[in-house]
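Worksheet: one structure, shown below.
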Amino acid sequence: MGTYAAVVLAGGAARRMGGVDKPALPVGGRPMRDRVLAAVSDATPRVLVGPADAVPAGVRVIREEPPGGGPVAAAAAGLALLDPDTALVALLAADLPLLTRSAIEELLGHVAEEAAAGGGERRPDGACFVDGDGRRQSLCGVWRVAALRAGLDRLTVERGGSLSGAPVRALLAGLVVREVPWSGEGPPPWFDCDTDEDVRRAEEWAR
């Protein structure tokens, strides 16, 4: 596949957890955002969008506009730091403490496999995991940068210039998405921590 970039979104308000800096909460002795960044350690570059006091070496940090403007605004800020020729990006929530390198490899492989298949079908614009109920985990996916940028341009026009509050499903509307059920060993890589109970479950899995 060659190189890919990674954009990790860490600007959520965590209202269900009292407004704490959720990605900074530790799981297995490491902040969740650092665990996500470690899963994409070979990405170039790695971009963290959101507040951060300290990040691993080499990670670029930027804030979305406006701060707290939601995942689409954050994605736009992160993509703005990528080189123009970057083809693929892992777009990830920062509260996925069980994400692994093998899970990222699986997503990258699905995008490459579909692109190589050729034929008359339109190649996919990306791949993301789906949970046991078939719900897309869109912020645990790998996407073609050109497709995301086209979606951002479209939304910017539709929303009168502001991406604040736009839902991720609107960004991905019209994209060809390869939905990937998790078939590997261990806990699902898309497991996100929205509550204190979720963090406790992730801690148990991470032992």
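The values are calculated or read from the model by the stated rules, or taken from the named source; none is laboratory data. Everything quoted here is computed from the prediction, not taken from an experiment. Note that we place each Cβ from the backbone using ideal geometry, even for glycine, and neighbour counts take in every protein chain shown. Side chains are part of the model used for accessible areas, which takes the heavy atoms of the whole protein and leaves out ligands, DNA and RNA. Shrake-Rupley method; radii C 1.70, N 1.55, O 1.52, S 1.80 Å.
Going through segment 5-26 one residue at a time, which ones are of a type in the set (Val, Ile, Thr) and modelled with pLDDT under 95? Selection gives 20 alone.
Residues that are at pLDDT 95 or above and surrounded by 14 or more Cβ atoms within 10 Å (Cβ to Cβ) occur at least once in segment 179-187. Every condition in (1) open to solvent by 50 Å² or more (accessible area, probe 1.4 Å); (2) aliphatic (A, V, I, L, M); (3) without any contact (Cβ under 8 Å) to a residue 40 or more places away in the chain holds for residue 87 except the one numbered (3). For residue 168, the criteria (1) closer than 18 Å to residue 76 by Cβ; (2) in contact (Cβ under 8 Å) with a residue 60 or more places away in the chain; (3) open to solvent by less than 20 Å² (accessible area, probe 1.4 Å); (4) touching a strand residue (DSSP E or B) at 6+ places or on another chain (Cβ under 8 Å) hold in every case but one, which is (3).
The set of residues from segment 185-205 being farther than 17 Å from residue 92 by Cβ and touching a residue at least 40 places away in the same chain (Cβ under 8 Å) comprises 186, 195, 196, 199, 203, 205.
Restricted to segment 118-151, and to residues there that are surrounded by fewer than 19 Cβ atoms within 10 Å (Cβ to Cβ) and touching a helix residue (DSSP H, G or I) at 6+ places or on another chain (Cβ under 7 Å), the residue that is nearest to residue 187 (Cα to Cα) is 123. Residue 112 falls short on exactly one of the conditions (1) touching a helix residue (DSSP H, G or I) at 6+ places or on another chain (Cβ under 9 Å); (2) touching a residue at least 60 places away in the same chain (Cβ under 8 Å); (3) closer than 24 Å to residue 39 by Cα, and that condition is (1).
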